[in-house]
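Chemist: Just dropping this structure here.
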Amino acid sequence: MTDALKALVWDVDGTLAETERDGHRVAFNRAFADAGLPWHWDEAQYGELLRVTGGKERLLRWWQRVDPAAAAAQDAPQRIAMWHALKTRHYEALVAVGAVALRPGVEALLRAARAEGLPLAIATTTQPANVQALLGHTLGAGAVGWFACIGAGDVVPRKKPAPDIYRWVLKRLALLPHEALAIEDSAPGVAAARAAGVPVVAVRSAYTRDDDLRGVLAEFGSLGDVDLAGLRRLHARAVSA
Ligand code: XBP
Ligand code: MG
C-alpha cells in the first residue's frame, strides 16, 4: 500500500511559507506607493481581501470597491497588469532579502520525498516568478528543479477554489487524482484539490485560522508534526477506503 502515493503537490502561499502578511501584502503596498496610488492595505484588511484569490483579481475587486468608474474603464486591465508587475518585482526583492522563510517541517518533507524518489509538484495561484524566487532564496538555486511540475498563476483561467490548477498539474504528471496528495493551508486551496479529486492534508497559516477546511484527510498544527511515512499512511488509508 505504501506505493499508492505517486506525487506530493504543494500549495505555495501559506503552506511552503507565510508569504502573505510580510511578502505579498508589503509588495502590494510598495507598488501602490510607486504608482502614486493613495492605497495601503493593513494586516487585517488584507486578510479580508484574501477571500479573492489571485493578486490581479484581488486588486480589481478592491478597485471596484473604492473607484468603480475607473475600475470599469477600458484601460483598467492594463493598469492592473502594470501595478501587479510592480508588485511582483517588490515581492521578489522582499524574498531576496529573506523577508519570508519556509515554514517548519517543509524542507524536511521536500528532502525526504527527493531521497525516496517521490515526485514533487506545485499547484499555486501566485505568479511563477514568485515561486522561483521563494524556492531559490530559501532552498538554493537548483531547487526549482526539485519539482517535476510547477503549476502557477495564469496557466489556467480560473484560480482556486476552481480545480483547474490541480487538473493542469495532474495532466503534466500523467497521474490520476487519487495518486497524488495535496498540501494546502486555506479553504480555497482545499476546495480546489477536493474538486479535482485529489486527497488533501492541511496546515493552517496566519490568515486561515478560521477557514472551513472540511474534507481534509488530516490537519496539522505544523508540518514538523508529520513525516513522509505518516503522509503515505494517511494517503494509503484514504484511497483504500
Ligand atoms: C495565494 C494567492 C496569490 C497570492 C498573491 O496563492 O491567492 O494570489 O496572494 O500572488 P496560493 P499573486 O495559496 O494558491 O499559493 O499576486 O502573484 O497572484
Ligand atoms: Mg495557500
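Chemist: Among rounded, prolate and oblate, which fits the stretch 96-172 when a ≥ b ≥ c are the square roots of the eigenvalues of its C-alpha gyration tensor, a/c under 1.5 means rounded, and a/b larger than b/c means prolate? Spell out each step's value before the answer.
Modeler: Working: a/c = 2.04, a/b = 1.30, b/c = 1.56.
Because a/c hits 1.5 or more and a/b fails to exceed b/c, the stretch 96-172 counts as oblate.
Chemist: State to the nearest 20 debye the size of the charge dipole of the stretch 152-204 about its Cα centre, where the only charges are +1 on K and R beta carbons and -1 on D and E beta carbons. Before the final figure, lay out each step's value.
Modeler: Details: 8 positive and 5 negative charges, 24 e Å.
Roughly 120 debye for the stretch 152-204.
Chemist: Given 0.36 nm per residue, what is the gain on full extension from ARG214 to ASP154 after removing their alpha carbon distance, in nm? Write out the running numbers ahead of the final one.
Modeler: On the way: separation 60, 0.36 × 60 = 21.60 nm, distance 2.66 nm.
Length difference between fully extended and current span is 18.9 nm.
Chemist: A follow-up question, please. Magnitude of the Cβ-charge dipole of the stretch 20-96, K/R +1 and D/E -1, about the Cα centre, nearest 20 debye? Don't jump to the answer; show the numbers that get you there.
Modeler: Working: 11 positive and 10 negative charges, 28 e Å.
It comes to approximately 140 debye.
Chemist: Further question: Pull out a ≥ b ≥ c, the square roots of the eigenvalues of the alpha-carbon gyration tensor of the stretch 102-241, then state rounded if a/c is under 1.5, prolate if not and a/b is larger than b/c, and oblate in the remaining case.
Modeler: Values: a/c = 1.21, a/b = 1.07, b/c = 1.13.
Here the stretch 102-241 falls in the rounded category.
Chemist: Given charges of +1 on the Cβ of Lys and Arg and -1 on the Cβ of Asp and Glu, with all other atoms neutral, how large is the dipole of the chain about its Cα centre, in debye to the nearest 20? Intermediate values should be presented prior to the final figure.
Modeler: Working: 28 positive and 27 negative charges, 105 e Å.
Here the size comes out at about 500 debye.
Chemist: Something else: Around GLY215, what is the net charge, scoring Lys/Arg as +1 and Asp/Glu as -1 over all other residues with Cβ under 13 Å from its Cβ?
Modeler: Details: positive: ARG194, ARG214; negative: GLU184, ASP211, ASP212, GLU219.
Local charge sum for GLY215: -2.
Chemist: Say we join alpha carbon atoms closer than 10 Å with springs in a Gaussian network model of the chain; which of GLU184, GLU18, GLU57 then has the biggest fluctuation?
Modeler: Top of the fluctuation ranking is GLU57.
Chemist: Nearest 500 deg cm²/dmol is fine: what mean residue ellipticity at 222 nm does the chain get from its DSSP H runs of n ≥ 4 alone, each adding -39,500 (n - 2.57), divided by its residue count? Write out the running numbers ahead of the final one.
Modeler: Numbers: 10 runs with 108 residues, N = 241.
After summing the helix terms and dividing by the residues of the chain, the value is -13500 deg cm²/dmol.
Chemist: In addition: Using only Cα atoms, tell me the angle between helix 25-34 and the longest principal axis of the chain; keep it within 0 to 90° and round to the nearest 10.
Modeler: Between helix and principal axis, roughly 30 degrees.
Chemist: Give me the mean projected area, in nm² to one decimal, of the convex hull enclosing the Cα positions of the stretch 35-169.
Modeler: On the way: hull surface 38.1 nm².
The orientation-averaged projected area of the Cα hull of the stretch 35-169 comes to 9.5 nm².
Chemist: Lys and Arg at +1, Asp and Glu at -1: add these up for the other residues within a Cβ distance under 13 Å of LEU86 and post the number.
Modeler: Working: positive: ARG30, LYS56, ARG79, LYS87, ARG89; negative: ASP34, GLU92.
Net charge in that neighbourhood comes out at +3.
Chemist: Length gain on complete extension for the stretch ALA129 to ARG114, per 0.36 nm per residue less the alpha carbon to alpha carbon distance? Show your work: numbers first, answer last.
Modeler: On the way: separation 15, 0.36 × 15 = 5.40 nm, distance 2.28 nm.
Fully extending the segment from ALA129 to ARG114 adds 3.1 nm.
Chemist: While we're here: Of the listed peptides 99-105, 201-207, what is their order by residue-averaged count of other C-beta atoms within 10 Å, with the highest listed first? Let's see the in-between values first.
Modeler: Working: 99-105: 17.7, 201-207: 21.7.
Top to bottom by mean Cβ count within 10 Å: 201-207, 99-105.
Chemist: Related question: I'd like the distance separating the alpha-carbon centroids of the stretch 162-241 and the stretch 19-60, in whole Å.
Modeler: Cα centres, the stretch 162-241 to the stretch 19-60: 26 Å.
Chemist: On a 0 to 90 degree scale, rounded to 10, what angle separates helix 106-115 from the longest Cα axis of the chain?
Modeler: The helix 106-115 is inclined about 50 degrees to the chain.
Each value in this text was obtained by applying a stated rule to the coordinates, not by laboratory testing. Because the structure is predicted, anything quoted here is derived from the model rather than measured. Positions of Cβ are backbone-derived with ideal geometry, glycine not excepted, and every protein chain shown enters the neighbour counts.
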